[in-house]
Amino acid sequence: MDLNIIKLHISLASQADSGLEPILTGKGAGFEDALRTVSCVHKNQSCTICQTSGTCVVPALIARHLSQDPDLVRRHQKPGLPFVFYAHSDVNDHDSTLGLNLLGSACGHLPLFLKALNTLTGQDACIRLTASDYQNVAVELDHVCPETADNLPVLAAADLLTLYSHRFSCCKRIRLDLLSPLRLKRDGHELSRFEPHYFIRSLLRRISSLAVYYGGGVNQELFRHLAQRATSVSLVRQLPSKSMGSLLRGVTGSFELAGPFDELGPFLALGEQVHLGKGAAFGMGSFVVTVIG
């Protein structure tokens, strides 16, 4: 599959905390408005009548436009947003650290995301910027001019899958921890419990949709095969949750699963970067996968 990913950690001044809660609890309207504001060249004008709408970056980042190809629309869900915010645990007494993954075409617009964050949380709120490389080592970037940083790690999803394949070699059991509430719908109803095969198939649809809309596409036969393999995954037991208590709606918990994770595991690990379900771009549906056997 063809999809680039930039994994950022953004240290913000402590006074910026109040502006972070919405973008970490599924409420992204404020950030989308801020992104539109810093990107717009014609202020106070509706996007529907703007003469530069054809070249503006805003629709590509937040409009969620469906493809004109009916076959593509039939095979893929409506596109999600090409970025994911999440709470990052590496914080100290003086600042807050926010995680942000940019996906596909959004990777070329890092400065806009930083400007939008500053607009939302306070001018010059960003005080340090790092990005993870393939070994998950943090590389420090110039947070004032990140677009000129020649050391910015841009990760290829295909290379990450190869890396994860070694981790899941011969794996038949995993632990899956939901770090933030998961909200998935089926047949118009929101699920109230964790269903392994539906979770995995939904994640595969999300990954393939993101790659098609914002990257270079996927191997459709491979994803059909993986979706079929997901039906053989079973829930062994529910475990004590690693996630913190939350008043937000959604399924939480930790689960031990059995199945062909030598095949599915690398895609679940890749899915950690994109989250799943309602509000996935803004902190919801975050999870982590651990090999246990």
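The values are calculated or read from the model by the stated rules, or taken from the named source; none is laboratory data. On a predicted model such as this, the values are computed, not experimentally measured, just so you know. Note that we place each Cβ from the backbone using ideal geometry, even for glycine, and neighbour counts take in every protein chain shown. Note: areas computed on protein heavy atoms with side chains; ligands, DNA, RNA excluded. Shrake-Rupley method; radii C 1.70, N 1.55, O 1.52, S 1.80 Å.
Using a cut-off of 25 Å between Cα atoms, the listed pairs Lys78/Lys185; Lys78/Lys172; Lys7/Lys172; Lys7/Lys115; Lys27/Lys78 include Lys78/Lys172; Lys7/Lys172 as exceeding that distance. Under a 5 Å amide H cut-off, with hydrogens placed 1.01 Å from N, Val236 pairs with Glu256, Leu257, Ala258 among residues at least 5 apart or on other chains. Between Ser105 and Lys27, the simple spin-label model (points 7 angstrom out along Cα→Cβ) gives 3.0 nm. Between the beta carbons of Leu66 and Asp2, assuming R0 = 22 Å, the FRET efficiency works out to 0.65 to the nearest 0.05. Karplus-derived 3J(HN,Hα) values for segment 258-268, using 6.51 cos²θ - 1.76 cosθ + 1.60 with θ = phi - 60°, are 10, x, x, 7, 4, 9, 7, x, x, 6, 5 Hz; glycine and proline are entered as x.
When each of the peptides 175-182, 151-158, 20-27 is scored by the mean number of other C-beta atoms lying within 10 Å of its residues, the order from highest to lowest reads 175-182, 20-27, 151-158. Taking amide hydrogens as placed 1.01 Å from N in the peptide plane, the amide H of Cys171 sits under 5 Å from those of Asp262, each at least 5 positions away in sequence or on another chain. Placing pseudo-labels 7 Å out from each Cα toward the beta carbon at Ser14 and Val73 gives an inter-label distance of 5.2 nm.
In a fully extended conformation the segment linking Asp262 and Lys185 would gain 25.0 nm over its present Cα-Cα distance, using 0.36 nm per residue.
Thr37 contributes an accessible area of around 80 Å² to the protein surface, as traced by a 1.4 Å probe with all chains present.
Residues in segment 211-224 carry Karplus couplings, in order, of 5, 6, 7, 10, x, x, x, 9, 7, 4, 5, 4, 5, 5 Hz; the curve used is 6.51 cos²θ - 1.76 cosθ + 1.60 with θ = phi - 60°, and Gly or Pro positions show x. Amide H to amide H distances under 5 Å link Leu12 with Ser96, Thr97, Leu98, Ile127, where only residues 5 or more positions off or on other chains count and H is placed in the peptide plane. Karplus-derived 3J(HN,Hα) values for segment 156-171, using 6.51 cos²θ - 1.76 cosθ + 1.60 with θ = phi - 60°, are 9, 4, 4, 5, 5, 4, 4, 5, 5, 4, 5, 5, 9, 4, 6, 6 Hz; glycine and proline are entered as x. For the chain, modelled as a GNM whose springs connect Cα atoms under 10 angstrom apart, the maximal fluctuation among Cys50, Cys40, Cys107 occurs at Cys50.
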